[in-house]
Amino acid sequence: MKIFDAAMTYQKNRSKIPPECIQTILKVTYVLGLRLNETLSLKSKDINLQELHVIIRETKFNKTRIVPFNHQVRDILQNFINWRASQRPDCGNDTHLFLDKNGRPIHKGVVQHIFIKIRNAAGISRSDGVCCQPRIHDLRHTFAVNRLTVWYRDGKDVQNHISLLSTYHGHDKVHYTSVYLTLTDD
(Lines give C-alpha, C1' and ligand atoms only; values in the text may rest on other atoms or scores of the structure.)
Protein backbone atom coordinates (compact mmCIF):
# COMPACT_ATOMS: atom_id res chain seq x y z
CA MET A 1 0.00 0.00 0.00
CA LYS A 2 1.17 3.50 -0.80
CA ILE A 3 0.58 4.65 2.77
CA PHE A 4 3.10 2.12 4.15
CA ASP A 5 5.74 3.09 1.60
CA ALA A 6 5.20 6.79 2.32
CA ALA A 7 5.71 6.14 6.04
CA MET A 8 9.35 5.36 5.31
CA THR A 9 10.04 8.48 3.24
CA TYR A 10 7.79 11.30 4.47
CA GLN A 11 10.44 12.80 6.78
CA LYS A 12 13.21 15.07 5.55
CA ASN A 13 15.21 14.18 8.64
CA ARG A 14 14.57 11.48 11.19
CA SER A 15 12.60 12.96 14.05
CA LYS A 16 12.03 11.52 17.48
CA ILE A 17 10.05 8.64 15.97
CA PRO A 18 11.86 6.43 13.47
CA PRO A 19 10.02 5.69 10.21
CA GLU A 20 10.30 1.94 10.89
CA CYS A 21 8.23 2.49 14.01
CA ILE A 22 5.58 4.59 12.27
CA GLN A 23 5.31 2.15 9.36
CA THR A 24 4.81 -0.78 11.75
CA ILE A 25 2.22 1.15 13.78
CA LEU A 26 0.23 1.71 10.58
CA LYS A 27 0.61 -1.88 9.43
CA VAL A 28 -0.38 -3.40 12.78
CA THR A 29 -3.34 -1.04 13.10
CA TYR A 30 -4.54 -2.08 9.64
CA VAL A 31 -3.82 -5.82 9.57
CA LEU A 32 -5.30 -6.39 13.04
CA GLY A 33 -8.16 -3.91 12.64
CA LEU A 34 -7.18 -2.15 15.86
CA ARG A 35 -7.95 1.28 17.19
CA LEU A 36 -4.82 3.45 17.20
CA ASN A 37 -4.71 3.62 20.99
CA GLU A 38 -4.86 -0.20 21.11
CA THR A 39 -1.83 -0.44 18.84
CA LEU A 40 0.09 2.15 20.84
CA SER A 41 -0.76 0.42 24.14
CA LEU A 42 0.76 -2.89 23.07
CA LYS A 43 3.60 -4.10 25.25
CA SER A 44 6.14 -6.77 24.38
CA LYS A 45 4.46 -9.17 26.82
CA ASP A 46 1.16 -8.83 24.89
CA ILE A 47 2.55 -10.42 21.73
CA ASN A 48 2.68 -14.19 21.40
CA LEU A 49 4.48 -15.05 18.17
CA GLN A 50 4.29 -18.81 18.81
CA GLU A 51 0.52 -18.96 19.35
CA LEU A 52 -0.12 -16.13 16.84
CA HIS A 53 -2.10 -13.67 18.92
CA VAL A 54 -1.87 -10.36 20.74
CA ILE A 55 -3.65 -9.40 23.93
CA ILE A 56 -5.41 -6.06 23.78
CA ARG A 57 -5.67 -4.94 27.41
CA GLU A 58 -8.15 -2.62 29.04
CA THR A 59 -9.37 -1.09 25.83
CA LYS A 60 -12.63 0.73 25.12
CA PHE A 61 -15.19 -0.02 27.85
CA ASN A 62 -12.35 -1.54 29.94
CA LYS A 63 -12.39 -4.81 28.02
CA THR A 64 -9.50 -7.13 27.29
CA ARG A 65 -9.49 -9.41 24.26
CA ILE A 66 -7.24 -11.79 22.38
CA VAL A 67 -6.72 -10.96 18.70
CA PRO A 68 -5.39 -13.82 16.56
CA PHE A 69 -3.25 -13.25 13.49
CA ASN A 70 -1.61 -15.20 10.68
CA HIS A 71 2.01 -15.93 9.77
CA GLN A 72 2.30 -12.80 7.62
CA VAL A 73 1.43 -10.63 10.61
CA ARG A 74 3.83 -12.64 12.74
CA ASP A 75 6.57 -11.76 10.26
CA ILE A 76 5.71 -8.04 10.45
CA LEU A 77 5.85 -8.15 14.25
CA GLN A 78 9.00 -10.30 14.35
CA ASN A 79 10.84 -8.02 11.93
CA PHE A 80 9.91 -4.99 13.99
CA ILE A 81 10.87 -6.67 17.27
CA ASN A 82 14.26 -7.60 15.77
CA TRP A 83 14.76 -4.05 14.47
CA ARG A 84 13.79 -2.57 17.83
CA ALA A 85 16.20 -4.90 19.68
CA SER A 86 19.00 -3.63 17.44
CA GLN A 87 18.08 -0.04 18.34
CA ARG A 88 17.10 -0.45 22.01
CA PRO A 89 18.50 -3.69 23.43
CA ASP A 90 17.54 -2.64 26.97
CA CYS A 91 13.75 -2.96 26.41
CA GLY A 92 12.06 -5.37 28.78
CA ASN A 93 8.93 -7.45 28.43
CA ASP A 94 6.77 -4.83 30.19
CA THR A 95 7.89 -2.04 27.85
CA HIS A 96 5.57 -0.53 25.27
CA LEU A 97 6.27 -2.00 21.85
CA PHE A 98 6.35 1.39 20.13
CA LEU A 99 8.76 3.92 21.62
CA ASP A 100 10.21 7.21 20.47
CA LYS A 101 13.97 7.73 20.26
CA ASN A 102 14.01 8.74 23.94
CA GLY A 103 12.41 5.44 25.01
CA ARG A 104 9.00 6.93 25.77
CA PRO A 105 5.64 5.55 24.58
CA ILE A 106 4.32 7.29 21.48
CA HIS A 107 1.18 9.37 21.88
CA LYS A 108 -1.91 9.05 19.70
CA GLY A 109 -1.99 12.74 18.71
CA VAL A 110 1.60 12.59 17.45
CA VAL A 111 0.82 9.61 15.22
CA GLN A 112 -2.35 11.27 13.92
CA HIS A 113 -0.34 14.36 12.99
CA ILE A 114 2.34 12.24 11.30
CA PHE A 115 -0.38 10.33 9.44
CA ILE A 116 -1.54 13.56 7.79
CA LYS A 117 1.99 14.12 6.48
CA ILE A 118 2.23 10.53 5.29
CA ARG A 119 -1.19 10.68 3.64
CA ASN A 120 -0.17 13.85 1.81
CA ALA A 121 3.19 12.36 0.78
CA ALA A 122 1.35 9.31 -0.59
CA GLY A 123 -1.06 11.54 -2.50
CA ILE A 124 -4.09 10.09 -0.74
CA SER A 125 -7.02 12.45 -0.43
CA ARG A 126 -10.73 12.68 -0.98
CA SER A 127 -11.90 14.86 -3.82
CA ASP A 128 -15.63 14.26 -3.54
CA GLY A 129 -16.36 17.56 -1.80
CA VAL A 130 -16.42 16.29 1.78
CA CYS A 131 -14.51 18.21 4.41
CA CYS A 132 -12.95 15.18 6.11
CA GLN A 133 -9.84 13.63 4.62
CA PRO A 134 -8.84 10.00 5.32
CA ARG A 135 -7.88 9.39 8.94
CA ILE A 136 -5.77 6.74 10.57
CA HIS A 137 -8.98 5.29 12.09
CA ASP A 138 -10.12 4.55 8.54
CA LEU A 139 -7.57 1.72 8.49
CA ARG A 140 -9.90 -0.07 10.94
CA HIS A 141 -12.85 0.56 8.63
CA THR A 142 -10.85 -0.76 5.67
CA PHE A 143 -9.96 -3.89 7.62
CA ALA A 144 -13.65 -4.59 8.32
CA VAL A 145 -14.79 -4.00 4.74
CA ASN A 146 -11.95 -6.11 3.33
CA ARG A 147 -12.76 -8.98 5.72
CA LEU A 148 -16.41 -8.90 4.65
CA THR A 149 -15.43 -8.80 0.97
CA VAL A 150 -13.18 -11.86 1.38
CA TRP A 151 -16.00 -13.77 3.08
CA TYR A 152 -18.36 -12.96 0.21
CA ARG A 153 -15.75 -14.02 -2.37
CA ASP A 154 -15.10 -17.25 -0.45
CA GLY A 155 -18.82 -18.05 -0.37
CA LYS A 156 -19.02 -17.85 3.43
CA ASP A 157 -22.30 -17.26 5.20
CA VAL A 158 -21.59 -13.62 6.02
CA GLN A 159 -24.61 -13.32 8.32
CA ASN A 160 -23.11 -16.01 10.56
CA HIS A 161 -19.59 -14.59 10.32
CA ILE A 162 -20.44 -10.97 11.09
CA SER A 163 -20.60 -11.73 14.83
CA LEU A 164 -17.00 -13.01 14.59
CA LEU A 165 -15.92 -9.70 13.10
CA SER A 166 -17.79 -7.89 15.85
CA THR A 167 -16.02 -9.90 18.55
CA TYR A 168 -12.66 -9.44 16.81
CA HIS A 169 -13.22 -5.68 16.85
CA GLY A 170 -14.08 -5.82 20.55
CA HIS A 171 -17.77 -4.98 20.13
CA ASP A 172 -20.61 -6.42 22.23
CA LYS A 173 -23.20 -5.96 19.55
CA VAL A 174 -23.13 -6.40 15.78
CA HIS A 175 -24.68 -2.99 15.18
CA TYR A 176 -21.55 -1.38 16.71
CA THR A 177 -19.55 -3.05 13.97
CA SER A 178 -21.99 -2.07 11.23
CA VAL A 179 -20.76 1.55 11.28
CA TYR A 180 -17.45 0.24 9.92
CA LEU A 181 -19.09 -1.38 6.92
CA THR A 182 -19.53 0.82 3.89
CA LEU A 183 -20.45 -0.06 0.33
CA THR A 184 -17.65 -0.57 -2.12
CA ASP A 185 -17.57 -1.49 -5.80
CA ASP A 186 -16.73 -5.06 -4.79
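The values are calculated or read from the model by the stated rules, or taken from the named source; none is laboratory data. Just so it is clear, the structure is predicted and the values come from calculations on it, not from any experiment. No Cβ is skipped: glycine too gets one built from the backbone with ideal geometry, and neighbour counts run over all protein chains shown. The accessibility values were calculated without ligands, DNA or RNA, using every heavy atom of the protein model including side chains. Shrake-Rupley method; radii C 1.70, N 1.55, O 1.52, S 1.80 Å.
Some notes on this structure:
- Excluding same-chain neighbours fewer than eight residues apart, the lysines reachable from Lys63 by a Cα-Cα span under 28 Å are Lys27, Lys43, Lys45, Lys108, Lys173.
- Potential lengthening between Asn37 and Leu52 on full extension [0.36 nm per residue; Cα-Cα distance subtracted]: 3.3 nm
- Label-reachable residues, region 9-48, where backbone N falls under 16 Å from a point 7 Å from His161's Cα toward its Cβ: 33
- Rough spin-label spacing in nm, given labels placed 7 Å along Cα→Cβ, for Met8 and Glu20: 1.2
- Shape parameters for the chain, alpha-carbon atoms, Rg then Dmax in Å: 16.9, 49
- Mean projected area in nm² (Cα convex hull; one quarter of hull surface) for region 3-79: 5.5
- Look at the Cα gyration tensor of region 45-100: its axes a ≥ b ≥ c give a/c of at least 1.5 with a/b at or below b/c, and that counts as oblate.
- Put Asp157, Asp5, Asp100 in order of accessible area, highest first, and with a 1.4 Å probe you get Asp5, Asp157, Asp100.
- Computed per residue of the chain from DSSP H runs no shorter than four, each worth -39500 (n - 2.57), the mean residue ellipticity at 222 nm is -15000 deg cm²/dmol.
- FRET efficiency for Tyr152 and Gln72, using Cβ-Cβ distance with R0 set to 25 Å, rounded to 0.05: 0.70
- Taking all protein chains together and a 1.4 Å probe, the residues Ser44, Ser127 rank Ser127, Ser44 from largest to smallest accessible area.
- Taking 0.36 nm per residue of sequence separation and removing the Cα-Cα distance, the Ser86/Lys45 pair yields an extension gain of 12.9 nm.
- The amide H of Thr95, built 1.01 Å from its N in the peptide plane, has Ser44, Lys45 as neighbours under 5 Å, considering only residues 5 or more places off or on other chains.
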